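Notes follow the structure.
The values are calculated or read from the model by the stated rules, or taken from the named source; none is laboratory data. All figures in this text were calculated on a predicted structure; none of them were measured in a lab. We place every Cβ from the backbone using ideal geometry, glycine too, and count neighbours over all the protein chains shown. In case anyone asks, the SASA skips ligands and DNA or RNA and just uses the protein heavy atoms, side chains included. Shrake-Rupley method; radii C 1.70, N 1.55, O 1.52, S 1.80 Å.
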Amino acid sequence: MSPSTVARDEHPREHEQRGLILDFAGVLTARPVDVHSAWCVSEGLAPGAWRGTLGEHPEGRRLYTALEIGAMGQAEWNRRTAALLGRHVDPVNLMGRAWADVPAATRMIALARAARSAGHRLALLSNSFGLDPFNPYEHVGIWDLFDVHVVSELVGLAKPDPAIYRLTLDLIGVPAERCVFVDDHTINLPPASELGITTVHATDEDTAVAELEALLGVTARSGA
């Protein structure tokens with residue numbers, strides 16, 4: 001069963017090949033805010049506790065930054081962040097429990113499959129939130145979509161550091177001016193633009209997919 005169809009049957013000639021570089025959370029998944037809020041309530045926390053602890057609490061932000069670049073493993077992060085969230089919060093598989101119900105972005109994944117079927121090169125460019133014990137990429141089932149995987153934990157760099165974009169270009173093997181990068185955070189787009197990469201700000205899945213279909217010359221349709 002194929003989740004997508006491609007607008008044209010033949011692969012593009014070499015000069016037509018594009019590079020599609022996709023962020024993970026909020027691009028290949030739905031935006032997680034509502035799911036995380038519901039999870040917080042189920043844990044006896046305020047709805048904004050997850051977002052506030054990871055993004056605003058000084059120690060929470062420090063721990064998350066360390067996790068992103070592989071300076072701390074997910075199991076240790078689970079233990080230390082659970083303590084920040086609340087003394088009653090179970091640290092076991094904390095990240096996995098918070099992310100388990102975030103749905104995949106099915107139309108974006110169909111678009112990625114269509115692009116690859118058309119001969120375009122695909123790269124995953126993701127700021128990691130750990131790989132063990134919970135691997136979010138395997139959980140959503142998108143790892144094998146990509147020719148290139150640039151995960152911050154594995155390379156010791158994180159967006160928006162310009163070096164991680166240069167590394168991605170080196171690995172994908174397509175000139176910057178023929179690449180498109182999609183991210184849901186505006187702060188991550190300028191470093192790509194400065195290298196000559198076309199950027200798409202993913203605020204809505206359908207809109208982003210339509211823009212990519214026009215840029216890449218493919219049509220993705222969800223199928224049974």
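Sort out which residues of segment 32-83 are within 27 Å of Ala104 (Cβ to Cβ), of a type in the set (A, V, I, L, M) and not in a loop (DSSP other than H, G, I, E, B), and write them in order of number.
Within segment 32-83, Val33, Val35, Ala38, Val41, Ala49, Leu54, Leu63, Leu67, Ala75, Ala82 qualify.
Any residue at all in segment 84-102 that's among the hydrophobic types (A, V, I, L, M, F, W, C), part of a loop (DSSP other than H, G, I, E, B), more than 15 Å from Val27 (Cα to Cα) and more than 21 Å from the chain's Cα centre (by Cα)?
Yes, that holds for at least one residue.
Among what's in segment 66-87 and is in contact (Cβ under 8 Å) with a residue 40 or more places away in the chain and out of contact with any helix residue (DSSP H, G or I) (no Cβ under 7 Å at 6 or more places or on another chain), pick the residue that is least open to solvent (accessible area, probe 1.4 Å).
In this case the residue turns out to be Gly86.
Looking only at segment 194-224, which residues are at pLDDT 95 or above, hydroxyl-bearing (Ser, Thr, Tyr) and open to solvent by less than 60 Å² (accessible area, probe 1.4 Å)?
If the condition is that a residue be at pLDDT 95 or above, hydroxyl-bearing (Ser, Thr, Tyr) and open to solvent by less than 60 Å² (accessible area, probe 1.4 Å), then Thr198, Thr199 are the ones that fit.
Within segment 103-128, restricting attention to residues that are among the aliphatic types (A, V, I, L, M) and part of a helix (DSSP H, G or I), which residue is most open to solvent (accessible area, probe 1.4 Å)?
By that ranking, first place goes to Ile109.
Checking the condition out of contact with any helix residue (DSSP H, G or I) (no Cβ under 6 Å at 6 or more places or on another chain), outside any helix (DSSP H, G or I) and open to solvent by 30 Å² or more (accessible area, probe 1.4 Å), which residue from Leu154, Leu131 passes? Before the answer, list the steps.
On the way: Leu154 fails: outside any helix (DSSP H, G or I).
Only one candidate qualifies: Leu131.
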